[in-house]
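Worksheet: the structure to be examined is printed underneath.
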């Protein structure tokens with residue numbers, strides 16, 4: 001009896017094992033079938049578009065005042081008054097300093113007396129010449145003396161005016177070189193003024209880029225001082241001569257903003273948009289596989305992802321120019337490439 005029971009138990013175990021093996025076999029087949037369905041990869045595609053080729057030229061530099069000048073004395077002598085302090089704003093024509101001018105005033109008075117006398121002498125000689133009492137030479141001498149007196153008067157007036165130093169433009173005092181009572185000579189600086197109502201940026205632009213820009217091209221200026229603010233400028237100067245490294249000096253001029261004022265010496269970024277002259281093919285940057293030197297993209301061809309080698313040119317932050325390998329209207333894959341291989345079936349979720 002025990003032997004019969006053992007045989008029955010063994011038969012039950014064998015039947016149960018066979019049932020489990022069949023169930024596992026069916027499960028594996030179902031997984032294989034499901035795997036076959038999931039091999040289709042969902043992707044987004046974008047059509048290759050033809051656009052005018054443009055790109056941005058990004059430059060960096062520092063701000064300089066539109067005008068900066070050392071104000072120098074045009075006369076020598078002792079400074080009798082000085083109206084200059086650091087940080088002061090001076091209007092054009094305002095008096096900055098005066099130099100001792102007593103001798104110059106006396107020289108001017110003497111020149112005025114002399115010219116008055118010589119004018120009377122010339123008038124008298126002209127009347128005498130008409131009456132034949134003096135020679136033509138005597139009349140010419142009187143006229144020459146009067147003309148020389150006019151020159152001396154102008155010189156005296158100029159020397160007296162030079163004793164007063166005035167602001168040649170409206171600006172701010174940034175340096176003060178002398179004090180009241182000091183003795184100065186012609187050419188000695190008394191102060192430095194800057195005009196920052198406008199600012200300019202001096203830049204070095206490479207030879208390959210300088211031929212693509214022109215005077216008065218617009219520029220967008222940004223600074224870390226005001227990270228959310230941008231300023232408008234324009235190219236005001238392009239040098240006709242490059243340096244030994246084939247860089248060319250370029251200047252961008254911009255008005256200073258009263259609400260967001262900038263100071264000379266501030267580091268800024270300048271962006272100049274260079275428009276293209278012809279239409280080019282473009283794709284989104286996210287479609288690119290590999291590097292720009294070994295550029296490839298997946299293209300949707302009848303529901304399959306076909307990997308194609310392309311040649312790319314310049315680009316923007318968003319798009320890349322395609323020089324060869326694609327044509328207008330081709331649909332390049334922009335998302336889902338990580339799951340793709342050449343010839344893989346795809347399902348397009350979105351076309352842009």
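Values in this text are rule-based calculations from the coordinates and carry no lab data. Bear in mind the structure is a predicted one, so any value in this text is a computation, not a measurement. Here the Cβ is made from the backbone with ideal geometry for all residues, glycine too, and neighbour counts use every protein chain on show.
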Exercise. Stretched out fully, how many nm does the piece from residue 72 to residue 109 gain, at 0.36 nm a residue minus the Cα gap?
Worked result: 10.7 nm
Problem set entry | Cα-based convex hull volume of the stretch 208-352 per residue, rounded to whole Å³ | 176 Å³
For this session: Over the alpha-carbon set of the stretch 168-223, divide Rg by the Kirkwood Rh and report the Rg/Rh ratio to two decimals.
Result: 1.22
Exercise. Which of the peptides 233-241, 308-316, 164-172 is most tightly packed, and how do the rest follow, judged by the mean count of other Cβ atoms within 10 Å per residue?
Worked result: 164-172, 308-316, 233-241
Problem set entry | Rel. contact order, % - alpha carbon contacts under 8 angstrom, at least six apart, the chain | 28 percent
For this session: With no solvent and one equal point scatterer placed on each C-alpha of the stretch 101-162, evaluate the Debye formula and give log10 I(q)/I(0) for q = 0.15, 0.30 Å⁻¹, two decimals.
Result: -0.50, -1.11
Problem set entry | Computed [θ] at 222 nm, helices only, for the chain once each DSSP H run of length n ≥ 4 contributes -39500 (n - 2.57) | -10000 deg cm²/dmol
Problem set entry | Pair residue 140, residue 324: separation of 7 Å Cα→Cβ label points (nm) | 8.7 nm
For this session: State the dimensionless ratio Rg/Rh of the chain (Rg: radius of gyration of Cα atoms; Rh: Kirkwood radius).
Result: 1.47
Exercise. Within the stretch 112-133, what residues put their amide N at less than 20 Å from the label point 7 Å along the Cα-to-Cβ vector of residue 155?
Worked result: 112-119
